[in-house]
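One structure is given below, encoded as structure tokens.
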Amino acid sequence: MGRAGGPGRHPAVDQVMGGPRKAVFWDKDGTLIPDLPYNVDPALITLFPDAGDGLRRVKQAGYALVVVSNQAGVARGLFPEKALSAVWHRITELLIPFGAAPDAFYYCPHHPDGSVAAYQQACSCRKPEPGMLLQAAQEHGLDLGTSWMVGDIINDIEAGNRAGCRSILIDRGNETEWLTGPYRQPTGTVHSIQEAVELILDNG
């Protein structure tokens, strides 16, 4: 369901939100779940131990929960776009017992070096571009100025900062380039979801 030049979203777990509303945008791989490159097998998906409780706390504080994920495996021909549906459902299934089901999932299936022609493009949604966050804000009436982006690499941070959010880097050792730039400095750096949640709740 990706659209040329724009991100895809998964409506099966998408909920109507009133606005304007603050949100926390979460990267998926390496942030909410351990990063298994290009995995779309739901049986292999697990949460980081503090994810469920952490997302519950920010949701109870009034934040919408939106997952934004680059999925270049589609463009590279490693799996079909429709395979992502089972991934989103599995993550939701894991978070429901905590009362922390995401409000929406957005993904970018594109990559400029992809091998599948329909997805081989430079787009405005692949992070560090802010397109997924901007679309989510438009569709759900989200206030980006009171929202946060949480991710494990600097491209996540840049996407959040360019969208007008505050940003948190969960440093799990996944960032390898550390390229600097005007939008690549996080509001804060932490080492776990729990620490990210404390920073968000302390700085509302």
### Message
With every protein chain left in place and a probe of 1.4 Å, what is the accessible surface of Tyr119, to the nearest 10 Å²?
### Response
50
### Summary
For the chain, percent of DSSP beta bridges that are antiparallel (nearest 5) comes out at 10
### Out-of-range pairs (alpha-carbon distance over 21 Å; input Lys28/Lys82; Lys22/Lys82; Lys59/Lys82)
Lys22/Lys82; Lys59/Lys82
### Task
Select one label from (1) -0.29, -0.36, -1.33; (2) -0.43, -0.52, -1.30; (3) -0.33, -0.41, -1.39: the one whose number is log10 I(q)/I(0) by the Debye sum over Cα atoms at q = 0.09, 0.10, 0.18 Å⁻¹ as derived from the coordinates shown.
(1)
#### Entry: Cys with no candidate disulfide partner in the chain (beta-carbon separation under 4.7 Å rule)
Cys123, Cys165
### Summary
For the chain, averaging the sequence separation of alpha carbon pairs under 8 Å that lie six or more residues apart and dividing by its residue count, the contact order in percent is 26
### Query
Can you list the residues, at least 5 places off or on another chain, whose amide H is less than 5 Å from the amide H of Tyr106, using H built in the peptide plane?
Val67, Val68, Ser69
### Query
Which Cα, out of Phe48, Ile157, Thr176, lies furthest along the positive dipole direction of the chain (beta carbon charges, K/R +1, D/E -1)?
Ile157
### Query
Leaving out ligands, DNA and RNA but keeping every protein chain, what accessible area does Phe48 have, in Å² rounded to the nearest 10, with a 1.4 Å probe?
40
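For the chain, report the accessible area per residue in Å² (1.4 Å probe, heavy atoms, rounded to an integer).
Working: 8560 Å² over 204 residues.
With the other protein chains kept in place, the chain gives 42 Å² per residue.
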### Query
Spin-label point model (7 Å from Cα, Cβ direction): what's the Phe79 to Asn174 distance in nm?
1.5
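Heavy atoms only, probe 1.4 Å: what % of the accessible area of the chain goes to carbon and sulfur, would you let me know?
On the way: 4470 of 8560 Å².
Roughly 52 percent, rounded to a whole number.
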### Rough spin-label spacing in nm, given labels placed 7 Å along Cα→Cβ, for Glu195 and Gln121
3.9
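The values are calculated or read from the model by the stated rules, or taken from the named source; none is laboratory data. Quick caveat, the model's predicted, so the values are computed rather than measured. Methodologically, a virtual Cβ is constructed for each residue, glycine included, from the backbone with ideal geometry; neighbour enumeration extends over all protein chains shown. With ligands, DNA and RNA removed, areas are computed over all heavy atoms of the protein, side chains included. Shrake-Rupley method; radii C 1.70, N 1.55, O 1.52, S 1.80 Å.
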